[in-house]
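Asker: The structure under discussion is supplied below as structure tokens; questions concerning it will follow.
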Number of protein chains: 2
Amino acid sequence: MDPSEVEIPPLKDLTIDNITDNVHLINSRCPDPRLKYVLELLVAHVHDFARETRLSSQEWMAGLQFLTSVGQISSDVRQEFILLSDVLGLSLLVDSIDHPKPPSSTEGTVLGPFHTHDAALESNGAEISGDPDGEPCLVLCTVKDGEGRPIPGVKIDVWETDSKGFYDVQYSNRVSPDGRAVLKSDENGQFWFKAIVPVPYPIPHDGPVGKLLKLLKRHPYRPSHMHFMFEKPGFDHLITSLFPRGDPYEGSDAVFGVKESLVIDLLTVDKELRDEYGIEEGSKLIRHDFVLVTESDTSKLRNERAMSAMRAQGKRMKMYNGLPVPDVD
Amino acid sequence: MDPSEVEIPPLKDLTIDNITDNVHLINSRCPDPRLKYVLELLVAHVHDFARETRLSSQEWMAGLQFLTSVGQISSDVRQEFILLSDVLGLSLLVDSIDHPKPPSSTEGTVLGPFHTHDAALESNGAEISGDPDGEPCLVLCTVKDGEGRPIPGVKIDVWETDSKGFYDVQYSNRVSPDGRAVLKSDENGQFWFKAIVPVPYPIPHDGPVGKLLKLLKRHPYRPSHMHFMFEKPGFDHLITSLFPRGDPYEGSDAVFGVKESLVIDLLTVDKELRDEYGIEEGSKLIRHDFVLVTESDTSKLRNERAMSAMRAQGKRMKMYNGLPVPDVD
């Protein structure tokens, strides 16, 4: 770009007090109003953080080196920035903002870094875990709308660790997906499969995020849980988990994912279920009825909450592609 | 760690409104008061950023992927996180906070990502550039204290690009340092060397930071400059640059590094200098007198400004290893 096209006052003699406004000024030529707004708030917060902490050059460099190592340990099967976002509570927060739920619906929680896109589509009744040491667990679920009507044809991703607390992708010799499957709800909104009882496990803590937790005297454990993700056009994408009650880490999840409504009782397979589903009597059982929200209800709720948050900030905003931007007209 | 050692209330049902306090709570066991304070402000700002923008899951993921790519393109000879910090004005801000200057002293500016530690120690008069296409430039400097007394024995790092605008480390076939040297000031505080006239150049913009600048409709150029770094025990570390006046990018430096006091006139070598320094008459000449601040004056100024910034925030703070932490006694 020709420098003569820069139609802003010369940027010279920038100081602690005027740098932020000048960065806003040079970024203000961004043609996308949403990117412009997000960047403006990002710059303001990053600068305020440095000013309020009186960040030293040494701390700044340590921070940049930390972020570099977070990027460098990430790979196709490990996303350390998601982990970092998880342990700082940001993932839970963003999910709460983007997927507001009316009281009747199933609450969402963190996605985590272990979802993959290569799980096989299975029929109801499939065994999703190949781990011979896992404790068998029958999972019987329904998926309904807010009025209690079954939703057929929902694509449901499920994934869990093996009995040692590792996801398949954490094994370097992984050849095919294990402990995960994609299912479809039937005409009655039902889906069911055979899995293993979830176990608590530490998030990967041999990298920079693990070092940070150690400095903060935090443990890296998640209470035992099974992941579920629901997708059907017309319904809001639901990412959630179920947590069997009584796990020692239930009250101190390293990634802040536990919600009381997602804590479930682990039941037991009786004779009748044994005969119906072909799983040993006395095996563990998870039963749950999931409730999805329509995309239009979610969008309405999201917009209402966004506008009310903007009013609380005293900002005059409008919606742009479903997200707030300054209303400068 | 045993979960029973977590002496905080159970973390469940975290929402947009209570997640931040709960993250602070679990991080509050950090034994280092400075890390605890910095993390608390970081979490507060990151969460407020998400709440104020109503950050969507898609934007969150795009942000994490962006940060991952910034980490992954970084290497021993490329630090993309420093570049990112530079183009967001954070580097200039941190330098201003950490190295406050009394009016009489030389101002600092951004380090940039191209300083190395392998430059050779040279004597006064050395030629630092091996580029035959560069326009020769004699550089005659002194380094003094605030009372005008020469400071001998200062270690001075100097570095600049070649005539094409590239630093030596940007060439994959680099075998030894070029365009850089380490000098020592003599008993009169003088140091001098032969270099080439600096040229404007783009910061590396083939990576994620370049893409961001493009989205923001910003150019990636820096006005021509020569880097200087001064170190001597007892004096505050000075990182600065000199900018020959009249560069087309002088008012729109991509990394906000220009300060009026660092803009210099490019002079010309006359007969007398030719005879004294052995460089062709009519060659370009940079003359500058640098002024260092003592460590104790810097530390005093830094503390005063930190405490006054804390008072302005209404916070009761104390200094801990020269940096503010909450005064909870």
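Asker: For the protein assembly as shown, what is the accessible area per residue in Å² when the probe is 1.4 Å?
Answerer: Using a 1.4 Å probe on heavy atoms only, each residue of the protein assembly as shown averages 43 Å².
Asker: Another one. If you project the alpha carbons of region B:120-164 onto their three principal axes, what span does each projection cover, largest first, in Å?
Answerer: Ordered largest first, region B:120-164 gives principal extents of 40, 19, 15 Å.
Asker: Given a Förster distance of 30 Å, report the FRET efficiency between A:GLU281 and A:SER163 from their Cβ-Cβ distance, rounded to the nearest 0.05.
Answerer: Plugging the Cβ-Cβ distance into 1/(1 + (r/R0)^6) gives 0.90.
Asker: Follow-up. Let me know the volume per residue of the alpha-carbon convex hull for the protein assembly as shown, in Å³.
Answerer: 174
Asker: For B:ARG305 and A:ARG311, FRET efficiency with R0 = 45 Å and r from the beta-carbon atoms, rounded to 0.05?
Answerer: 0.80
Asker: State, to one decimal in nm, how far the label point of B:ARG149 lies from the label point of A:ASP32, with both points 7 Å from Cα in the Cβ direction.
Answerer: 5.7
Asker: State the Cα centre-to-centre distance between region A:260-288 and region B:259-303 in whole Å.
Answerer: 80
Asker: How big is D, in µm² s⁻¹, for region B:160-205 by Stokes-Einstein at 20 °C and 1.002 mPa s if Rh is the Kirkwood radius over C-alpha pairs?
Answerer: 171
Asker: Name the most mobile residue of A:GLU127, A:GLU59, A:GLU281, meaning the one with the largest mean-square fluctuation, in a Gaussian network model of chain A with Cα contacts below 10 Å.
Answerer: Comparing A:GLU127, A:GLU59, A:GLU281 in the GNM, the peak value goes to A:GLU59.
Asker: Then there is this: Over 20 Å apart: what share of the alpha carbon pairs of region A:208-329 falls there, rounded to a whole percent?
Answerer: 67
Asker: If you project the alpha carbons of chain A onto their three principal axes, what span does each projection cover, largest first, in Å?
Answerer: Here the Cα extents, ordered largest to smallest, are 80, 44, 36 Å.
Asker: Right, something else. Using a 1.4 Å probe over the heavy atoms of the protein chains, calculate the carbon and sulfur portion of the accessible area of the protein assembly as shown as a whole percent.
Answerer: 51
Asker: Moving on to the next point. Using 32 Å as the Cα-Cα cut-off, could you pick out the over-long pairs in A:LYS211/B:LYS217; A:LYS315/B:LYS214; A:LYS36/B:LYS12; A:LYS194/A:LYS300; B:LYS101/B:LYS271; A:LYS144/A:LYS271?
Answerer: From the list (A:LYS211/B:LYS217; A:LYS315/B:LYS214; A:LYS36/B:LYS12; A:LYS194/A:LYS300; B:LYS101/B:LYS271; A:LYS144/A:LYS271), the Cα-Cα distance tops 32 Å for A:LYS211/B:LYS217; A:LYS36/B:LYS12; A:LYS194/A:LYS300; B:LYS101/B:LYS271.
Asker: Rounded, prolate or oblate: which one fits region B:1-94, using the alpha carbon gyration tensor with axes a ≥ b ≥ c (rounded when a/c is under 1.5, else prolate when a/b beats b/c, else oblate)?
Answerer: Details: a/c = 2.04, a/b = 1.58, b/c = 1.29.
Since a/c reaches 1.5 and a/b is larger than b/c, the shape of region B:1-94 is classed as prolate.
Asker: Which of the helices in chain B, when you take each full DSSP H run, stretch at least 27 Å along the axis at their Cα atoms and have an average Kyte-Doolittle score of 0.0 or higher?
Answerer: B:33-53
Asker: For every helix of n ≥ 4 consecutive DSSP H residues, a contribution of -39,500 (n - 2.57) applies; sum these over the protein assembly as shown, divide by its total residues, and give [θ] at 222 nm rounded to the nearest 500 deg cm²/dmol. Display every interim value, and only then the final one.
Answerer: Details: 16 runs with 194 residues, N = 658.
Result for the protein assembly as shown: -9000 deg cm²/dmol, rounded to the nearest 500.
Asker: Further question: Principal axes first, then extents: for the Cα atoms of region B:145-257, list largest minus smallest coordinate on each axis, whole Å, largest first.
Answerer: In descending order, the Cα extents are 50, 35, 26 Å.
Asker: Looking only at B:ASN188, B:ASN303, B:ASN27, which one moves most when chain B is put into a Gaussian network model with springs between Cα atoms under 10 Å?
Answerer: Residue with maximal mean-square fluctuation among B:ASN188, B:ASN303, B:ASN27: B:ASN27.
Asker: In nm, to one decimal, how far is the A:THR268 label point from the B:SER261 one, both placed 7 Å along Cα→Cβ?
Answerer: 8.0
Asker: Could you work out which residue, out of A:VAL197, A:VAL258, A:VAL38, moves most in a Gaussian network model of chain A, that is, has the largest mean-square fluctuation with Cα springs under 10 Å?
Answerer: Per the Cα network of chain A with a 10 Å cutoff, A:VAL38 tops the list.
Asker: Could you compute Rg(Cα) / (2.2 N^0.38 Å) for region A:209-263, with N its residue count?
Answerer: Compactness ratio reported: 1.39.
Asker: Here's something else I'd like to know. To one decimal place, what orientation-averaged projected area in nm² is obtained for the convex hull of the Cα set of region A:118-209?
Answerer: With every direction weighted equally, the projected area is 7.5 nm².
Asker: I need the calculated FRET efficiency for the pair A:GLU127 and A:VAL175, taking r as the beta carbon distance and R₀ as 25 Å, to the nearest 0.05.
Answerer: The value I calculate is 0.90.
Asker: Taking the Cα centroid of region B:105-140 and of region A:130-147, what is the distance between the two, rounded to the nearest whole Å?
Answerer: Value for the Cα centre distance between the two parts: 66 Å.
Asker: Considering only C-alpha atoms, what is the centroid distance from region A:32-95 to region B:173-242, in Å?
Answerer: Taking the Cα centre of region B:173-242 as reference, the centre of region A:32-95 is 27 Å away.
Asker: Simple spin-label model, 7 Å along Cα-to-Cβ: B:ASP186 to A:GLN58 in nm?
Answerer: The modelled label-to-label distance comes out at 3.6 nm.
Asker: How much net charge surrounds A:ARG274 when only other residues with a Cβ under 13 Å from its Cβ are counted (Lys, Arg +1; Asp, Glu -1)?
Answerer: Taking every Cβ under 13 Å from that of A:ARG274, the sum is -3.
Asker: When N counts the residues of region A:75-162, how does its alpha-carbon radius of gyration compare numerically with 2.2 N^0.38 Å, as a ratio?
Answerer: On the way: Rg = 16.0 Å, N = 88, 2.2 N^0.38 = 12.1 Å.
Ratio of Cα Rg to 2.2 N^0.38 Å: 1.33.
Asker: How many square angstrom of accessible surface are buried between B and A, both sides summed, with a 1.4 Å probe and rounding to 100?
Answerer: Approximately 8400 Å² gets buried when B meets A.
Asker: Let me ask something additional. Using alpha-carbon pairs under 8 Å, 6+ residues apart, how would you state the relative contact order of region A:155-260 in percent? Write out the running numbers ahead of the final one.
Answerer: Details: 156 pairs, mean separation 28.2, N = 106.
This gives 27 percent for region A:155-260.
Asker: Could you give P(r) for region B:245-295, binned at 10 Å from zero, as whole percent values over all Cα-Cα pairs?
Answerer: Per 10 Å bin, starting at 0, the Cα pair percentages come out as 20, 34, 30, 16, 0.
The values are calculated or read from the model by the stated rules, or taken from the named source; none is laboratory data. If you're wondering where the values come from, they're calculated on a predicted model, not measured in any experiment. Positions of Cβ are generated from backbone atoms using ideal geometry, with glycine treated the same way; all protein chains shown enter the neighbour counts. For the accessible areas, the whole protein counts, side chains as well, though only heavy atoms, and no ligand, DNA or RNA atoms are used. Shrake-Rupley method; radii C 1.70, N 1.55, O 1.52, S 1.80 Å.
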